[in-house]
Amino acid sequence: MPGIDDTAVLIVAAGRGSRAGGLPKQYRRLAGRPVLLGTIEAFRTHPSVGPILVVIHPDDRALYDAAVTVPGDRLLPPVPGGATRQASVLAGLRALRSSAPRRVLIHDAARPFLEARLIGDVLAALEWHDGAIPALPVADTLKRADDAGLIAATVPRAGLHAAQTPQGFRFAAILAAHEAASARSDFTDDAAIAEWHGMRVALVPGSARNIKLTTAEDIAMAEERLAFSDIRTGQGFDVHRLVAGDHVMLCGVRIPHERALEGHSDADVALHAATDALLGAIGDGDIGVHFPPSSPQWRGASSDRFLAFAAGRVRALGGTIANVDITILCEQPKVSPHREAMRARLAQILGIEAARTAVKATTTERLGFTGREEGIAALAVATVRLPSRP
Ligand code: MG
């Protein structure tokens, strides 16, 4: 079997995406990540792939640099493409000559959903054929329309396949085919050029997931499919001791009381539980990891900053907070008169609607440390929605 440096990848990203409108589609964000970056990652993480080269539009270098934020281990500097997709592929193949790959996979930047299985199948077929492409049998009945928009004919679909990428070829053969075809510009994919030049190109099973994002609707549908389908739940629990004092902080609300909660910070037991619930939902340690009690800078700190920090960690992952639900365990003070103020404060700290917060309280029937009013406990559950990655 060939080594990874034998297999180069050429990603064609030089289109301007006029059918999708606005920003070229390969630079649009999908589930919080540029489409092109998702495509590059699919190859970068594949064990059989060596150098990766992206062909970009000459005007898009700044877009590329902003979008492609991965180490340049296998990724070569991008090269400018030509006026057509065909010319762009030729420019990329010429640029890859110095890498001297044995095989090349040519892929559309706007297909970020390719699976590792497709790459493997195409490469396996290349052991026996000059070229191999993934394709799906056409399922819909095909109609040819006339100029008036009426059906002129029904096209038999037997044996018809819809071609996808990555299309794999023996490098020297596809470069020669592209050079020979450069006087023409009517080829719609690389396999067509290979066929025209007499190469034998095999079909391997394509994937319904491996769609090409072409229209604004494609992007919207993909976004819907991916968006926030990764739902996480976290729980938090905290206790603080009651000592002499004149108020307690609960859910960021100052409540006059004949005792106070003891703690390194303002001892807002409810916000501490909520902070741990959010951190738990994203697998990001706990409040003590991020705000060590040993650190003097958190002495007397207002606990809203801990909760705001946790909410920021969720947002940094592209996530949203679906809800935060808190239960306070205490005999005193009565929570219900302050419930709406607490929800409003939680909503403010978290940057979500108050309807996504809940504050409940219960006594423990004078049982245990909360029943004896030695301390107050709080439980919290948080649900967050994270984007799925293509
Ligand atoms: Mg605490």
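The values are calculated or read from the model by the stated rules, or taken from the named source; none is laboratory data. Values in this document were obtained by computation on a predicted structure and should not be read as measured data. Glycine also receives a Cβ, built like all others from the backbone with ideal geometry; neighbour counts cover every protein chain displayed. Each accessible area value is taken on the protein alone, full model and side chains, heavy atoms only, with ligands, DNA and RNA left out. Shrake-Rupley method; radii C 1.70, N 1.55, O 1.52, S 1.80 Å.
Can you spot a residue in the range 250-258 that is out of contact with any His (no Cβ under 9 Å at 6 or more places or on another chain), in a loop (DSSP other than H, G, I, E, B) and on the phi > 0 side of the Ramachandran plot? Taking every residue of the range 250-258 in turn, at least one turns out to be out of contact with any His (no Cβ under 9 Å at 6 or more places or on another chain), in a loop (DSSP other than H, G, I, E, B) and on the phi > 0 side of the Ramachandran plot. Determine, yes or no, whether VAL122 is touching a residue at least 60 places away in the same chain (Cβ under 8 Å) and touching a Gly at 6+ places or on another chain (Cβ under 8 Å). For VAL122, the condition - touching a residue at least 60 places away in the same chain (Cβ under 8 Å) and touching a Gly at 6+ places or on another chain (Cβ under 8 Å) - is met. Taking each residue of the range 287-314 that is open to solvent by 30 Å² or more (accessible area, probe 1.4 Å) and looking for partners that are away from the ligand (no atom under 13 Å from the Cβ) with beta-carbon atoms closer than 6 Å, six or more apart or interchain, yields ASP304/GLY252; ASP304/ILE349; ALA308/ILE349; ARG313/ASP284. Mind checking which residues of the range 252-276 are more than 13 Å from the ligand (Cβ to nearest atom) and crowded, with 17+ Cβ neighbours inside 10 Å? If the condition is that a residue be more than 13 Å from the ligand (Cβ to nearest atom) and crowded, with 17+ Cβ neighbours inside 10 Å, then GLY252, VAL253, ILE255, HIS257, ARG259, ALA260 are the ones that fit.
Yes/no matrix, rows are residues, columns are (1) at pLDDT below 95; (2) surrounded by 11 or more Cβ atoms within 10 Å (Cβ to Cβ); (3) at negative phi:
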| residue | (1), (2), (3) |
| --- | --- |
| LEU126 | no, yes, yes |
| ALA135 | no, yes, yes |
| GLY149 | yes, no, no |
| PRO156 | yes, no, yes |
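Against the numbered list (1) farther than 21 Å from ASP266 by Cβ; (2) in a strand (DSSP E or B), GLY283 comes up short only at (2).
Looking at the range 1-119, the helices (runs of 4 or more DSSP H) lying wholly inside it that each contain 3 or more residues that are farther than 27 Å from ALA180 by Cα sit at 35-44, 61-67. The residue that is nearest to ASP284 (Cα to Cα), among those in the range 296-318 that are in a loop (DSSP other than H, G, I, E, B) and among the polar types (S, T, N, Q), is SER303. For the range 216-241, the tally of residues that are small (Gly, Ala, Ser), farther than 24 Å from ALA273 by Cα and either within 16 Å of the ligand (Cβ to nearest atom) or at pLDDT 85 or above (or both) stands at 2. Inspect all residues belonging to the range 173-191 and state whether any of them is within 14 Å of the ligand (Cβ to nearest atom) and more than 30 Å from GLY159 (Cα to Cα). No; the residues of the range 173-191 include none that is within 14 Å of the ligand (Cβ to nearest atom) and more than 30 Å from GLY159 (Cα to Cα).
Can you name every one of the strands (runs of 3 or more DSSP E) wholly within the range 160-223 that holds 1 or more residues which are within 23 Å of PRO137 (Cα to Cα), open to solvent by less than 60 Å² (accessible area, probe 1.4 Å) and aliphatic (A, V, I, L, M)?
Those strands (runs of 3 or more DSSP E) span 161-163, 201-205.
Please enumerate the residues belonging to the range 58-75 that are of a type outside the set (A, V, I, L, M), open to solvent by 40 Å² or more (accessible area, probe 1.4 Å) and over 16 Å from the mean Cα position of the chain (by Cα). Correct list: PRO58, ASP59, ARG61, ASP65, PRO71, GLY72, ASP73, ARG74.
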